[in-house]
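To keep things clear, I will list the structure first and then write my remarks on it.
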Amino acid sequence: MVPFVIDNGSYEIKFGHANLVTPFRANNGIAKDKYGASYLSNHMKTIRDISSATIRRPHELGQLVSWELEGCIWDYCLYNPDEFDGFHLGDNTREQDLILTETCFTLPELSKNSDQVVFEEYEFATMFKSPASGFMPFANLIGNKNMEHLCGKDTAVNTDYTTATTKEYRDFQLVIDSGFNCTWVVPIIKGVPFYKAIKKMDIGGRFLNGLLKETLSFRHYNMMDETILLNNIKEKCLFVSPVSYFDSFKTKQQQAVEYVLPDFQTSFLGYLVDESNRKGIDRGSVQTITLTDERFAVPETFFHPEMANILKPGLVETILEAISMVPEPLRPILVSNIVCVGGNFKLPHMSSRLTSELQRQLPTDWTCRVTVPSSSDCELAAWNAMAQFSSTDVYKTTRVTREEYLEHGTDWCSKHRFTYQNWI
């Protein structure tokens, strides 16, 4: 039977059988509007009045802490054919294999909760669990039309440093996973995450939403309770400065955009003003905000967190710190095999800016090479890698069966198979 793959992200769940071209997607949370009505997962899109809507998610600080809520969302995803083109997992999960993601350094007790839910409640036949970055060595990067390859040196020859041409996986990678909660920098050595050098940066999509809330509330209207609206503005308007913050600041007026706020009659999320709809807007009946330097100042915190009063290293410094903790002969190999995944790399110029900034900090004889999925596939890169991993012999020999779990217990799964305890 084809394995079932779940990329259990803190913002969105991607799920489906490994032979699907595109997985199903569901929002990983529950929303409550100001009238007290609740909307589970994708039903959030049907909220007609998003003002003052609050969202609760099963993940807190990157850890999956609420299986009561996560279980409801999984049931919605797996047994709801009306929402997902007739997809239904079926009642006999005892014959179904599962591949699942969990965050790096998941607390052992929380990891045990996942094992119990998978094997005792859903009763899957087998399970393999790993951080999303742990699956990226199995992704098809070379010759993939959906992948963009960037190089820090214009004159560098486009060669591949890895020797994994006949293997199922690539030996050496540096995976940068920038998601909703945070950004992980994960060195991969011999196809396995090198846990002693993994670094976490506490800036992700949630942080950008909060900073954008404060900025727009100070300059325009009070939007501190408009979580859904601000997330939509972030996705539609923000970009990373291609060269530097100061370079974009000089032309901030030329790059200004206008966003029409929702009136809950003709629009429920608002929309960006462009040439196609500019003439049809009734200026007397709509409220608009003009975004100038907010568009690039908020994402600039990835590279300069001090702009938001965060006295921690930026993304480039975090990468250099992670590289400094791996064996010295492997460092130039890792920087020449960087893979970027996660929703934050959908921001325009994010990957190219990272490549140029990192190349400046490296020794002159090192070359920074970055592979990043196309903007529409950044969030799906991990799921696609998991689907390709499902057909390998490595997966078939390392997964845990339900019989093994029932015989050895949750402690055995955590310490000897899945969590970081197995590698440290």
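The values are calculated or read from the model by the stated rules, or taken from the named source; none is laboratory data. If you're wondering where the values come from, they're calculated on a predicted model, not measured in any experiment. Note: ideal-geometry Cβ built from the backbone for every residue, glycine included; neighbour counts use all protein chains shown. Side chains included, ligands, DNA and RNA excluded: accessible areas come from the protein's heavy atoms. Shrake-Rupley method; radii C 1.70, N 1.55, O 1.52, S 1.80 Å.
Phi-derived couplings, Karplus 6.51 cos²θ - 1.76 cosθ + 1.60 at θ = phi - 60°, listed residue by residue for segment 346-356: 6, 4, x, 6, 4, 6, 5, 5, 4, 4, 5 Hz, with x used for Gly and Pro.
Checking the Cα-Cα distances for Lys252/Lys279; Lys250/Lys312; Lys32/Lys200; Lys234/Lys346; Lys145/Lys190; Lys45/Lys129 against a 19 Å cut-off, the pairs over it are Lys252/Lys279; Lys250/Lys312; Lys32/Lys200; Lys145/Lys190; Lys45/Lys129.
For segment 181-242, trypsin sites (Lys or Arg not before Pro) meeting the loop criterion (DSSP other than H, G, I, E, B) and having at most 14 other Cβ atoms within 10 Å: Lys190. Only one residue of Ile198, Pro313, Met127 has its Cα farthest out toward the positive end of the dipole of the chain, where Lys and Arg carry +1 and Asp and Glu -1 on Cβ, and that residue is Pro313. Each Lys or Arg adds one and each Asp or Glu takes one away; over the other residues whose Cβ falls under 13 Å from the Cβ of Arg360, this sums to 0.
Rounded to two decimals, the Cα radius of gyration of the chain over 2.2 N^0.38 Å is 1.01.
Approximating the spin labels as points 7 Å out from Cα along Cα→Cβ, the Lys145-to-Glu168 distance works out to 2.8 nm. I need the fraction of alpha carbon pairs in segment 273-357 separated by more than 21 Å, rounded to a whole percent. Within segment 273-357, distances greater than 21 Å cover 52 percent of Cα pairs.
In a simple Cβ point-charge model (Lys, Arg +1; Asp, Glu -1; nothing else charged), the chain has a dipole of about 1040 debye relative to its Cα centre. In the complete set of protein chains, residue-level accessible area for Val186 is approximately 0 Å², probe 1.4 angstrom. Each stretch of four or more DSSP H residues adds -39500 (n - 2.57); spread over every residue of the chain, this sum gives -7000 deg cm²/dmol at 222 nm. For the pair Gln287 and Ser38 in one chain, pulling the backbone fully straight at 0.36 nm per residue adds 86.9 nm over the alpha carbon distance. Taking only protein heavy atoms and a 1.4 Å probe, the accessible area of the chain is 50% carbon and sulfur. Accessible-area rank, largest first, for Val341, Val286: Val286, Val341, with all protein chains present and a 1.4 angstrom probe. Just how many % of Cα pairs in segment 216-349 lie over 18 Å apart, if you round to the nearest whole percent? Every Cα pair in segment 216-349 considered, those over 18 Å come to 65 percent. Label reach from Thr397 (point 7 Å along Cα→C-beta): in segment 100-133, amide nitrogens under 18 Å belong to 127-129. Here Asp282 sits with roughly 90 square angstrom of accessible surface, probe radius 1.4 Å. With the largest listed first and rounded to whole Å, the semi-axes of the equivalent ellipsoid of segment 302-352 from the Cα gyration tensor are 23, 17, 7. Accessible surface computed residue by residue for segment 92-152, with neighbouring protein chains in place and a 1.4 Å probe, gives 39 Å² per residue. Counting pairs of Cα atoms in segment 312-424, how many percent are more than 17 Å apart? Of all Cα-Cα distances in segment 312-424, 69 percent exceed 17 Å. Could you compute the longest span of the chain free of GluC sites (Glu not before Pro) located in DSSP loops and having at most 16 other Cβ atoms within 10 Å, not counting the site residues? Counting only loop sites that pass the neighbour cut-off, the longest clear stretch is 276-424.
The GNM of the chain, with springs linking C-alpha atoms under 10 angstrom apart, assigns the highest mean-square fluctuation among Ile55, Ile310, Ile319 to Ile310. Think of the chain as a dipole: +1 on every Lys or Arg Cβ, -1 on every Asp or Glu Cβ, centred on the Cα centre; then among Cys104, His304, Leu380, His304 lies furthest on the positive end. For a modelled paramagnetic label at Val257, 7 Å from Cα along Cα-to-Cβ, the residues of segment 363-388 in reach, with backbone nitrogen under 19 Å, are 374-379.
For segment 277-424, the per residue solvent-accessible surface stands at 44 Å², with DNA, RNA and ligands left out and a 1.4 Å probe. Extension gain for Asp82-Asn222 works out to 46.6 nm (0.36 nm per residue, less the C-alpha to C-alpha distance).
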